[in-house]
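None of the figures in this text is laboratory data; all of them are computed from the coordinates on show. Because the structure is a prediction, the values reported are computed rather than measured. As a convention, Cβ positions derive from the backbone with ideal geometry for all residues, glycine included, and neighbour counts pool all protein chains shown.
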Amino acid sequence: MLLGALSPSAEEYLSWLSVERGRAANTLAAYRSDLVHYEAALGARGRTPLDADREDVERYVAELRAEGRSAASVARAVSSLRGLHRFLVDEGTTATDPTRDLETGRLPARLPKALPEDAVERVLEGISGDDPVARRDRALLELLYATGARVSEAIGLNLTDLAGEDGLVRLYGKGSKERLVPLGSHAASALARWLEPQGRDALAPDRWQRKGDAEAVFLNTRGSRLSRQSAFSAVRARGEAVGVELGPHSLRHSCATHMLAHGADVRIVQELLGHASVTTTQLYTKVTSDHLRAAYDAAHPRAKAPVRAPDPGSRGIAGDREGRGRPGRRRAVATADV
């Protein structure tokens, strides 16, 4: 087998993921990489996925950990080969699934990292200039923050996805699932300026290299559809310009966290972000817990213990202790009761 080539069974599995399950191109590329690595490891021992057993799988997982792979990387690799073996059983190609009940350890839920609202404001207001690239970057970042879109969803936008006067934009998420999300006034204004002749048209070539580029909302300086890497670079550069570290999902996380902090229903945010499960969206509620506590303390009339003036006539043991600065138990109990 050539380096990087997959067995016919693995190729069939990837085709099934693409056609039947609608998996995105980036997901398929990741699965392909994992399966190439897995089949190469099996091949070194004279095995294939068709005759691999539990010992082969466990040995492979141990090798991944020995290579220093992160827990997340190992979990994704196991997910790839588990999917392959389940597919082979379902298709009747093999009789048993060696990954069944395989323990890989539970990954701790990673909390999304959102920016403070003033940091987002600094980034968006810090995009100066009126040249085509500045207009494009302003529109891109405003869109990412306004809609909570993934970068891949933003660069995949076509002009027809912005059609209509209902203030909605059409996004295609994982598995090409379509959703309509509102577009705020700042993002709508930034997009309108980008789509003016001095914006997008100034980067458009005399002749399009690819048919799909002519429909793309966001273009690079060569007149092609903006790539993921170029979008990441643009976002990161705009953050660095004002001293803010921006990652690929920073504005998406910030959109969700800020909306929840301002009282948005978690189900609405779920729809906005395109999460299949509300459990994923609920991770953002943990991020806003500090905000919730502060808001509760500030708003609820009985959130804090009442401050009482000391009784000059009371000189008991507890009062004597508090008078010397030691944390009296009665005060702690009063706070807890409230």
In segment 8-90, if the dipole is taken from +1 on Lys/Arg beta carbons and -1 on Asp/Glu beta carbons about the Cα centre, which of Leu88, Val78, Pro49 is farthest to the positive end? Val78
Using 1/(1 + (r/R0)^6) with R0 = 51 angstrom and r between the beta carbons of Ala30 and Asp297, what's the FRET efficiency to the nearest 0.05? 0.70
What shape does segment 8-90 take by its C-alpha gyration tensor, where a ≥ b ≥ c are the square roots of the eigenvalues and a/c under 1.5 counts as rounded, a/b above b/c as prolate, and the rest as oblate? oblate
Could I get the Rg over Rh figure for segment 117-290? Both from C-alpha atoms, Rh via Kirkwood, rounded to two places. 0.96
What full-extension length gain, to one decimal in nm, is calculated for Ala41 and Arg236 as 0.36 nm per residue of separation minus the Cα-Cα distance? 66.5 nm
At a threshold of 8 angstrom on Cα-Cα distance, excluding pairs fewer than six apart, so keeping six or more, what relative contact order does segment 117-290 reach in percent? 26 percent
Would you work out the charge dipole size for segment 8-90 about its Cα centre, treating the Cβ of every Lys and Arg as +1 and the Cβ of every Asp and Glu as -1, and quote it to the nearest 20 debye? 300 debye
Subtracting the Cα-Cα distance of Glu245 and Arg228 from 0.36 nm times their residue separation yields 4.3 nm
Compute the distance in nm between two label points, each set 7 Å from the Cα along the Cα-to-Cβ direction, one at Asp130 and one at Ser15. 5.6 nm
Sites Ser70 and Gln209 - FRET efficiency at Förster radius 41 Å, r taken between beta-carbons, to 0.05: 0.60
Mean-position separation - Cα centroids, segment 31-90 and segment 169-222, in angstrom: 40 Å
Segment 190-232: C-alpha gyration tensor shape, a/c 1.5 cut-off, then a/b vs b/c: oblate
Suppose R0 equals 45 Å; then what is the FRET efficiency for Asp90 and Arg267 from their Cβ-Cβ distance, rounded to the nearest 0.05? 0.85
